[in-house]
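Working notes, structure below.
The values are calculated or read from the model by the stated rules, or taken from the named source; none is laboratory data. Keep in mind that this is a model prediction, so the values were computed, not measured. Methodologically, a virtual Cβ is constructed for each residue, glycine included, from the backbone with ideal geometry; neighbour enumeration extends over all protein chains shown.
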């Protein structure tokens, strides 16, 4: 009887000192590595998409303005040489701005810490409107509500959305004027871009970019920030882009 108890105690002791697993730990390590790789891949894909949108917006606006002014210069070359000079000056201004923004994006790509990231935001909308006016479409910017500092990602998104909207106007809207309205409201920021041009539908605006990244790119930006976007022809004339972005209440 005692031998049985001793033998049973010894078996329990041997079980207690048996190694926990033989292959589980390597599998756990491999799984953690796969999770880390997938997380890094998603981060890289998101950053690549963000940079692609930045490049598209800079190039689309710059070339739209340059193309419009080049057409103006060609049209008035013989009849109104002073108009040609104004068009060439507008081309020079817009191209310089586009080059500055492209250099900023290149600095960002070289700087792994992101210190070279472009900082275009709400404060630069006035200059953007001025360039659009010089390109041939009278542009105005109006800001209403209790203005406050915006998170950097929202600040940059607003600038790029307005920039792309103005590029669409310059490319094909045949508009004489465009208005940009920014509204600081309780819990949200609203952005509206309205022109008095030929209108058109969302599909035609996307096709006019040559790659279909215009409105879809804007929508991606807005959705990534938890907002909403509505774009379409106005009842009276022209086209309207409306955006609503959530904002944390000011302390």
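Observations, loosely collected:
- Residues within the range 235-251 that are modelled with pLDDT of 90 or more and not in a strand (DSSP E or B), tallied: 2
Yes/no matrix, rows are residues, columns are (1) assigned to a helix (DSSP H, G or I); (2) modelled with pLDDT of 75 or more; (3) surrounded by fewer than 19 Cβ atoms within 10 Å (Cβ to Cβ):
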| position | (1), (2), (3) |
| --- | --- |
| 49 | yes, no, yes |
| 54 | yes, no, no |
| 67 | yes, no, yes |
| 72 | yes, no, no |
| 109 | yes, no, yes |
| 112 | no, no, yes |
| 127 | yes, yes, yes |
| 130 | yes, yes, yes |
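- Unmet criterion (only one of (1) surrounded by 15 or more Cβ atoms within 10 Å (Cβ to Cβ); (2) modelled with pLDDT of 75 or more) for residue 117: (2)
- Within the range 152-180, restricting attention to residues that are without any contact (Cβ under 8 Å) to a residue 40 or more places away in the chain and under 21 Å from the mean Cα position of the chain (by Cα), the residue that is farthest from residue 64 (Cα to Cα) is 152.
- Residue 200 being at pLDDT below 85, surrounded by 15 or more Cβ atoms within 10 Å (Cβ to Cβ) and in a loop (DSSP other than H, G, I, E, B): yes
- Some residue of the range 168-178 being surrounded by 20 or more Cβ atoms within 10 Å (Cβ to Cβ), modelled with pLDDT of 90 or more and not in a helix (DSSP H, G or I): yes
- Filter result (within 18 Å of residue 196 (Cα to Cα), touching a strand residue (DSSP E or B) at 6+ places or on another chain (Cβ under 9 Å) and outside any loop (DSSP other than H, G, I, E, B)) within the range 132-158: 132, 133, 138, 139, 140, 141, 142
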